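Asks: The structure follows.
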Amino acid sequence: MDFLLKRRLLHLLYPTRCPVCGQVILPKEHFCKDCRGKLRPFTGKFTIEGADGFIGAFEYDEEISPAVFLLKKGVCGNGAYALGGALAEALRGTPAAQSQVIVPTPLHKEDLRERGYNQSLLIAKEVGRILGIPVCQAVTKPTETLPQKTLSKNERQVNLCGAFTVSCPEAIAGKQVLLVDDVCTTGSTLAELCQVLKSAGAKVVFCGACCKTPLIEKRGENDD
């Protein structure tokens, strides 16, 4: 079934809502007009150790945070569609859009059970649908870690050491990989994942995040 047709049919039963304010919008829309006008594109430069580039869609602030917060609390709604669509547009025309496979940031099984889904996977699928890139859950997180938002930058790096494992090395070996997450704060999670992917044979790794916190970090619901 055509993707937009499916959304239109679902809209009849479950009206599509702006993931920021909850206003009913059209099935093809990401945000309502008012909220969309308040969102700030991420235009800064950010370097992640081990990555070949970083692209962010929005600057993480109080305008976009409601959509991210709902996703992290297990209320998907229109959030993954909206944020994934925005990230795909930010990636379009960049070298990262030429990636051969998209890898979402994994969740530990306990976090997955509590939330009901991996928001990064849902976002990655939307990016992949738009850009025509396959998605592979090539990395798992067998080790449970402390919440990143409770730690300093150095503690975050130690917390994540050895937390991730490449479960499908054949899917990323020799390829250009696009690593996708919902929010990037210090980049510690993405840096660790880049190291793991390249150690398993990935040739190039780009990082894409729906939101990037201001370069002067603001602590919030984000946990990357």
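Asks: Only one of F69, F58 is closer than 15 Å to V20 by Cα, surrounded by fewer than 17 Cβ atoms within 10 Å (Cβ to Cβ) and either under 14 Å from the mean Cα position of the chain (by Cα) or among the hydrophobic types (A, V, I, L, M, F, W, C) (or both); which?
Replies: After ruling out the rest, the residue left standing is F69.
Asks: Let me ask something else about it. Which of the residues that make up the stretch 89-124 are buried (at least 18 other Cβ atoms within 10 Å of the Cβ) and more than 17 Å from A67 (Cα to Cα)?
Replies: Those that are buried (at least 18 other Cβ atoms within 10 Å of the Cβ) and more than 17 Å from A67 (Cα to Cα): A90, L91, A96, A97, S99, V101, I102, V103, P104, T105, P106, L107.
Asks: To continue, here is another question. Scanning the stretch 1-55 for residues that are part of a strand (DSSP E or B) and out of contact with any helix residue (DSSP H, G or I) (no Cβ under 6 Å at 6 or more places or on another chain), which turns out farthest from A124 (Cα to Cα)?
Replies: Restricting to residues being part of a strand (DSSP E or B) and out of contact with any helix residue (DSSP H, G or I) (no Cβ under 6 Å at 6 or more places or on another chain), the top hit is V24.
Asks: Taking the stretch 72-87 on its own, how many of its residues are small (G, A, S) and buried (at least 23 other Cβ atoms within 10 Å of the Cβ)?
Replies: Residues meeting the conditions: 5.
Asks: Quick check: anything in the stretch 56-68 of a type in the set (A, V, I, L, M), in contact (Cβ under 8 Å) with a residue 60 or more places away in the chain and part of a loop (DSSP other than H, G, I, E, B)?
Replies: yes
Asks: If I filter the stretch 1-33 down to residues being among the hydrophobic types (A, V, I, L, M, F, W, C) and crowded, with 18+ Cβ neighbours inside 10 Å, which single residue comes out as farthest from G77 (Cα to Cα)?
Replies: C32
Where a number appears in this text, it was derived from the coordinates with a stated rule and is not lab data. Fair warning: this is a prediction, and the values are worked out from it, not measured in the lab. Cβ sites come from the backbone with ideal geometry, for glycine too, and all protein chains shown count toward neighbours.
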